[in-house]
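What follows is a set of notes on a single structure, which appears directly below.
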Amino acid sequence: MAELVDKQMEETEDDPIMPDEVDSSEGSLQPNISISSLTLMDGGSAGSHEMIPSCSYKSSSYSSSENCVKFPDHIKQKEDMEIQDIVRQYALCFLPAKSLCRFKTVSKEWLRWINSPFFVHTQTNHFRHISGLFCQFPGESPSFMSLNPVAYGVPNPTLCFLPEPVDVRTSCNGLLGCQSRLGDNAYYICNPVTEGWRMVPKPNLYHGPETAIALAFEPDILNFEAQYELICAVTLPGREALQFEIYSSRTNSWRVSNAVCLELDALPLNGDGFYTRGFVYWETESGAVLVFDLKEEVYGIVSLPPRRKPTGALTVMRGELCYLLPHKEDDAWSIEVYGNMDMSLQCIIPLHSESLGHLVDGECRALAFVNDDTLIITLGTKVIAYHAREHRMEWVSDARTDGFVKYFPYVNSFCTCRPFHA
C-alpha cells in the first residue's frame, strides 16, 4: 500500500495544479481533480486506507491578474467622477418633477438617466415634499396652486388627459384619486406629471353620493411598480352603518372588509379623508374622527376639540394627526394646534400682523400643515403659505369666496401609474 501511495504522489508532482492555469474554453469554470495525500483510517480494518479526490475550480475569464482589477467601462469609479456625474447620480433624485423635466435638456445622457425606470423609482422614494395644492370648485375643472411655480408644476392641471371629466377627491404622495362626473361614477387613479392613469374596476358594493374615500400610497424602495389602495367608507342602504371596501392595485380587485362601523358618532362623514402611516382618517359631522387601520382592518373613533369650526382643518403635522383651528383675539390671528389621542391643545402658532399686513382683517381658514413648518391658510381673498419658524408669509394664489373649495396637498413626483397588466 505504501508503494501505491508513493507512486500516486509522484504522478501528482509530475502534473501539478498551477493556480494560474487557464482552460482553453473561455468564460467557464473547469474542475481539476487530483489525488490528495490525505488518507482516512477505516475503522473496519486496521491499516486500510481510502484515497479522497479533491477538486480545484479555476476561472478562465481572466488570463492575468491585470484583467481581474479592470473596472467595467460603463461604470465610473468615484475618483473618475466629474461634478456633473455626481449631481446626476446623487442629487437629481431629491428634486421635484418639474425641475427634472427641465434638466432633461442638459444632455442626452441626462435625458436617458431621468427617463430610466430606476431613476423614476429612486425619485419617487426620495422626494416627498408637498409641492402645492390641487383645488376644485364644484362643477368646474381642477386647478393646481404651486408653492413654488419655478420648481413645482404639472403640464395639465385640469386633468384633461383622462377620458372623461372628473372630480378630484383624494391625494397621496404624488397620486390623485378621482371620480367621473358622468353617470357611471367610475374611479380613476392618475399622476398629473406623467399623465399616467388607471381606471378602477367597478366595486362590489353600491357607492352612493355619501361614500367617502381615501387613497393610500406609500412608496417602497423594494417595489418598482407603485402599489396603492383606495379605501371607501360605504354607507349601507337603509342602515346606520358603514362598511369598508378596499381596492388593491396589486390584484386590480376589490375586497370588502369584515369591519362594520355601527358607531353613531361616525355618521355621517364630512367628506373624503386622507391616509398617513398606515391609517385612514375621516372627519365626521358630529365632531369626531373615524380612524381605520389599513393593516389590521379595524376602526376607532377620536373626538375633535369642542371648539371646532368649519374653518378648522384635520391634517398631519410632522407625522402626527392634528387639528388646526384659527383663532382671532385683539385683531391678531393665531392657529391653535390640537393633537394626541385626546385632541388636547398642543401649541399656538401666532400669525404676526406685520407679516400679514392688511390681510389681517379677512376671515382665516386653515387648509393644511406641510413640509415641517409651513401653514397653508386662506386669509380673506388670498391663499398664503405662512412659515412658522421665520414668521414669513408667501402669497400662493387668489382664493375663491363664492363657495366652498376643496384643497388637496400634492407631491410633484414621477411615481408610476398605468393600466393593470396581469
Candidate set: the stretch 242-260, residues that are closer than 15 Å to His207 by Cβ and not charged (D, E, K, R); chosen: the one farthest from the chain's Cα centre (by Cα): Leu242
Residue tally, condition over 14 Å from His207 (Cβ atoms), open to solvent by 10 Å² or more (accessible area, probe 1.4 Å) and either acidic (Asp, Glu) or not in a loop (DSSP other than H, G, I, E, B) (or both), over the stretch 173-196: 2
Some residue of the stretch 404-412 being without any contact (Cβ under 8 Å) to a residue 40 or more places away in the chain and surrounded by 12 or more Cβ atoms within 10 Å (Cβ to Cβ): no
Residue that is surrounded by the fewest Cβ atoms within 10 Å (Cβ to Cβ), among those in the stretch 364-385 that are part of a loop (DSSP other than H, G, I, E, B) and modelled with pLDDT of 90 or more: Asp373
Where Met145 falls short, out of the listed (1) over 22 Å from Val316 (Cα atoms); (2) in a strand (DSSP E or B); (3) of a type outside the set (Phe, Trp, Tyr): (1)
For Tyr206: the one exception among (1) in contact (Cβ under 8 Å) with a residue 60 or more places away in the chain; (2) open to solvent by 10 Å² or more (accessible area, probe 1.4 Å); (3) of a type in the set (Phe, Trp, Tyr): (1)
Matching residues in the stretch 292-348 - criterion: being buried (at least 16 other Cβ atoms within 10 Å of the Cβ), without any contact (Cβ under 8 Å) to a residue 40 or more places away in the chain and assigned to a loop (DSSP other than H, G, I, E, B): Leu304, Arg308
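Here is a check on your reading of the model: is Ser355 of a type in the set (Gly, Ala, Ser) and surrounded by 14 or more Cβ atoms within 10 Å (Cβ to Cβ)?
Numbers: of a type in the set (Gly, Ala, Ser): yes; surrounded by 14 or more Cβ atoms within 10 Å (Cβ to Cβ): yes.
Yes, satisfied.
Determine, yes or no, whether Arg169 is in contact with a strand residue (DSSP E or B) (Cβ under 7 Å, 6 or more places away or on another chain), basic (Lys, Arg), part of a strand (DSSP E or B) and closer than 19 Å to Pro419 by Cα. Please lay out each step first, then the result.
Details: in contact with a strand residue (DSSP E or B) (Cβ under 7 Å, 6 or more places away or on another chain): yes; basic (Lys, Arg): yes; part of a strand (DSSP E or B): yes; closer than 19 Å to Pro419 by Cα: no.
Against the criterion (in contact with a strand residue (DSSP E or B) (Cβ under 7 Å, 6 or more places away or on another chain), basic (Lys, Arg), part of a strand (DSSP E or B) and closer than 19 Å to Pro419 by Cα), Arg169 does not qualify.
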Lone unmet requirement of (1) open to solvent by 10 Å² or more (accessible area, probe 1.4 Å); (2) under 26 Å from the mean Cα position of the chain (by Cα); (3) at pLDDT 95 or above for Asp220: (3)
Subset of the stretch 129-148 (residues that are open to solvent by less than 10 Å² (accessible area, probe 1.4 Å) and either acidic (Asp, Glu) or within 14 Å of Cys178 (Cβ to Cβ) (or both)): Phe134, Pro142
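When the stretch 272-291 is examined, which residues are found to be buried (at least 16 other Cβ atoms within 10 Å of the Cβ) and small (Gly, Ala, Ser)?
First, pick out the residues of the stretch 272-291 that are buried (at least 16 other Cβ atoms within 10 Å of the Cβ): 272-276, 279-284, 286, 288-291.
The answer is Gly273, Ser286, Ala288.
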Residue in the stretch 154-167 that is open to solvent by 40 Å² or more (accessible area, probe 1.4 Å), hydrophobic (A, V, I, L, M, F, W, C) and modelled with pLDDT under 95 present: no
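The values are calculated or read from the model by the stated rules, or taken from the named source; none is laboratory data. The model shown is predicted, which means the values in this text are computed figures rather than measured ones. Every residue, glycine among them, receives a Cβ derived from its backbone with ideal geometry; neighbour counts consider all protein chains shown. Just so you know, the surface numbers come from the protein's heavy atoms only, side chains and all, with ligands and any DNA or RNA stripped out. Shrake-Rupley method; radii C 1.70, N 1.55, O 1.52, S 1.80 Å.
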